[in-house]
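S.K.: Here it is, the structure, as C-alpha cells.
The values are calculated or read from the model by the stated rules, or taken from the named source; none is laboratory data. What you see is a predicted model, and the numbers here were worked out from it, not measured in a lab. Neighbour counts run over all protein chains shown; Cβ positions are idealised from the backbone, glycine included. These area figures cover heavy atoms from the full protein model, side chains too; ligands, DNA and RNA do not enter into them. Shrake-Rupley method; radii C 1.70, N 1.55, O 1.52, S 1.80 Å.
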Amino acid sequence: MKPLAIKTISEFHQLHRLAPPEHPLISIVDYAQVAEAKRNNPMPPLVAEYYSISVKRGLNGKMRYGQQEYDFDEGVMYFLAPKQVLHASPAPDENSHPSGWILLIHPDFLWGTSLAKAIKQYEFFDYSVSEALFLSEKEEATLNGIIANIKQEYHANIDKFSQRIIISQIETLLNYSERFYERQFITRKITNHQVLNRLEDLLDDYFNSNDLMLKGAPTVHFVADELNVSPNYLSGLLKVLTGQSTQQHIHEKLIEKAKEKLSTTNLSVSEIAYELGFEHSQSFSKLFKAKTNQSPLEFRQAFN
C-alpha cells in the first residue's frame, strides 16, 4: 500500500479515532487505543513529520533481532524520526492484550532548545524496526516514570516553564534509552558476536576479490546491507564490542591489505593504490599515513 503522509499530531489522533491532543506539538497516546483502532480498521504505512517514541507490550508475536527471534512478551521500544516510513504492523488478534504508550513530538516543539540539534545525535532513530530495544521490567518502569512526568506537565496549565521542563524530561528519556541500548549490545552477546564474525568474513572475502580494484573499498551502507542491519545500528554495536566504528573496521582491513602488498611485492605505491581501489595514489598515501604515522615508502623501507 502507498504510504499515507501525516503532517501533524492532530492528524495521527484523527486517523486512530482518538480524542484531539491537548497540545498540538506533543502528545502521549495509549497504545491499547491505537491497537484497537488497527484491529477495526487496518492502516496503511505512515510517513510522519514528527518524532515517535513508543513502548509496546502484549503483541502475541515474535520479532527478529539479528539472527534470532524473540517473543513480544517483554516491553519493546521503537524510535522513528520525521519522514521515516512506519510500516503497518499486523492487527492484534482477539487473544492479545496490547499495552504501552507512544510519545509524539513535533520538531517545532524543540525549536529554540538545545535538543533541536542534539536529538539528531541519537543514532537509534535510524535503526530499523527489527533492531528495537528490548526492555527489562526495571528499565521499562524507569521510562514509564519519565512519561508520567511529561504527561503531568502538559496536563497542567501551560506556562513559561512548561516547555523547558518537558524538554528536560525528553532528554532524560533519550539518555536512558542510549544506556539501555548499550546494555543490550553487551547482553545479547551471541547475536552480536555473530554479526561481528560475519563482518570479518565479509570484509575478508571482499578484500580478497576483484571487487576491491573494480569498485573501491566497501562503503558502510554496503556492509550494513550485506549484514541485514541498519548502518547506524551496526556502527553502534561495533563501537561497544570493539571500540571502532564500521568505517574504522573497513579502513583497518584496507591498511592491513596495503601492508601485505608493501611488504611482500615489488609493486609501486601507485600500483598498490590502484589495486586497493584508489583513483589517486595521493589519497591512498594520505590515508595510510593517517593510520600508521608512516608513508607507504617509509613503511616499506622500515619493514625491509
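S.K.: So Glu252 passes all but one of these: (1) surrounded by 16 or more Cβ atoms within 10 Å (Cβ to Cβ); (2) assigned to a helix (DSSP H, G or I). Which condition number does it fail?
M.R.: Among (1) surrounded by 16 or more Cβ atoms within 10 Å (Cβ to Cβ); (2) assigned to a helix (DSSP H, G or I), Glu252 violates only (1).
S.K.: Also: Hey, among the residues in region 2-49 that are in contact with a strand residue (DSSP E or B) (Cβ under 6 Å, 6 or more places away or on another chain), open to solvent by less than 10 Å² (accessible area, probe 1.4 Å) and of a type outside the set (A, V, I, L, M), which one's nearest to Gly100 (Cα to Cα)?
M.R.: Tyr31
S.K.: Then there's this: Condition first: farther than 17 Å from Phe207 by Cβ and either part of a helix (DSSP H, G or I) or open to solvent by less than 30 Å² (accessible area, probe 1.4 Å) (or both). Now tell me which residues in region 255-279 satisfy that.
M.R.: Val269, Ser270
S.K.: A further question on this structure: Of everything in region 59-95, what is open to solvent by less than 20 Å² (accessible area, probe 1.4 Å), at pLDDT 55 or above and either more than 22 Å from Phe125 (Cα to Cα) or out of contact with any helix residue (DSSP H, G or I) (no Cβ under 9 Å at 6 or more places or on another chain) (or both)? Give them in sequence order.
M.R.: If the condition is that a residue be open to solvent by less than 20 Å² (accessible area, probe 1.4 Å), at pLDDT 55 or above and either more than 22 Å from Phe125 (Cα to Cα) or out of contact with any helix residue (DSSP H, G or I) (no Cβ under 9 Å at 6 or more places or on another chain) (or both), then Val76 is the only one that fits.
S.K.: Gln282: over 30 Å from Tyr181 (Cβ atoms), open to solvent by 70 Å² or more (accessible area, probe 1.4 Å) and either polar (S, T, N, Q) or in a helix (DSSP H, G or I) (or both), yes or no?
M.R.: yes
S.K.: I'd like to verify a number: residues in region 96-141 that are surrounded by 13 or more Cβ atoms within 10 Å (Cβ to Cβ) and not in a helix (DSSP H, G or I), how many?
M.R.: Total meeting the criteria: 19.
The rows are residues; the columns are (1) open to solvent by less than 10 Å² (accessible area, probe 1.4 Å); (2) at pLDDT 90 or above; (3) not charged (D, E, K, R).
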{"position": "Ala148", "(1), (2), (3)": "no, yes, yes"}
{"position": "Ala156", "(1), (2), (3)": "no, no, yes"}
{"position": "Phe161", "(1), (2), (3)": "no, no, yes"}
{"position": "Phe180", "(1), (2), (3)": "no, yes, yes"}
{"position": "Lys189", "(1), (2), (3)": "no, no, no"}
{"position": "Leu202", "(1), (2), (3)": "no, yes, yes"}
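S.K.: Tally up the residues in region 233-244 that are in contact with a helix residue (DSSP H, G or I) (Cβ under 8 Å, 6 or more places away or on another chain) and surrounded by fewer than 17 Cβ atoms within 10 Å (Cβ to Cβ), please.
M.R.: Count: 4.
S.K.: Separate question: Restricting attention to region 285-304, report how many residues are closer than 19 Å to Gln247 by Cα and either open to solvent by less than 40 Å² (accessible area, probe 1.4 Å) or part of a loop (DSSP other than H, G, I, E, B) (or both).
M.R.: The total comes to 5.
S.K.: If you don't mind, another one. Just one of (1) farther than 20 Å from Phe278 by Cα; (2) under 18 Å from the mean Cα position of the chain (by Cα) trips up Asp201, so point out which.
M.R.: Result: Asp201 fails condition (2) only.
S.K.: What are the pairs, 6+ residues apart or on separate chains, where a residue within region 26-42 that is under 15 Å from Asn144 (Cα atoms) has its Cβ under 8 Å from a residue that is of a type outside the set (Phe, Trp, Tyr) and in a helix (DSSP H, G or I)?
M.R.: Pairs found: Ser27/Ile9; Ser27/His13; Ile28/Ile147; Ile28/Ile150; Ile28/Lys151; Val29/His13.
S.K.: What tally of residues in region 207-232 results from selecting those that are outside any helix (DSSP H, G or I) and surrounded by fewer than 16 Cβ atoms within 10 Å (Cβ to Cβ)?
M.R.: The number of residues fulfilling the criteria is 6.
S.K.: For region 109-148, give me the residue count where each residue is farther than 22 Å from Asn232 by Cα and of a type in the set (A, V, I, L, M, F, W, C).
M.R.: Residues that pass the stated criteria total 8.
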